[in-house]
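Structure, as structure tokens:
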Amino acid sequence: MVEGSFIDSGGHANNTIQIVEEVLDLDRAIGKALDFAAKDGQTLIVVASDHETGGMTINGGSFESGMVKGEFTTGGHTGVMTPIFAYGPGASEFGGIMENTDIHAKIYKLLFGEK
Ligand SMILES: [Zn+2]
């Protein structure tokens, strides 16, 4: 298990640089895990978040400059839905919209069968 916890800290602090650096670090870790899973063929990778923090919205920018203008709407957690990505055996269990507490049950089912 790998956690990019400074994404949340950066959201609380409304610190875009901290968020971007942590997302890039997490992306590199996920890339390594995906490389392993592709070779192994028996590893399920699940990438999820328990919530969104900071409520960043993009409210400006241009294609010509390649820049966007973002603004935080809060220093706390929000109710915005967050994506889940999965790769490997059982990945199809994680599509659509679900409660984040369902992730545990789905992983349990894949490992041990129905309760
Ligand atoms: Zn938090």
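Each reported figure results from applying straightforward, stated rules to the coordinates on display, with no laboratory input. What you are looking at is a predicted structure, and each value in this text was computed from that prediction instead of being measured. Note that we place each Cβ from the backbone using ideal geometry, even for glycine, and neighbour counts take in every protein chain shown.
Across segment 13-77, C-alpha contacts under 8 Å between residues 6 or more apart give a mean separation that, scaled by the residue count, equals a relative contact order of 30 percent.
Shape call for segment 26-77 from the C-alpha gyration tensor, a ≥ b ≥ c root eigenvalues: rounded (a/c under 1.5), prolate (a/b greater than b/c) or oblate? In terms of gyration-tensor shape, oblate.
Please give the calculated 222 nm ellipticity per residue for the chain, where each DSSP H segment of at least 4 residues contributes -39500 (n - 2.57) and the sum is spread over every residue; nearest 500 deg cm²/dmol?
My calculation for the chain gives -12500 deg cm²/dmol from helical runs alone.
Each of G31, V47, Y87 was scored by the projection of its Cα onto the charge dipole of the chain, and the greatest displacement toward the positive side belongs to Y87; charges sit on the C-beta of Lys, Arg, Asp and Glu. Checked against a 28 Å cut-off, the cross-linked pairs K32/K109; K32/K69; K32/K106 give Cα-Cα distances beyond that limit for K32/K69.
Its relative contact order, with pairs defined as Cα atoms under 8 Å and 6+ residues apart, puts the chain at 24 percent.
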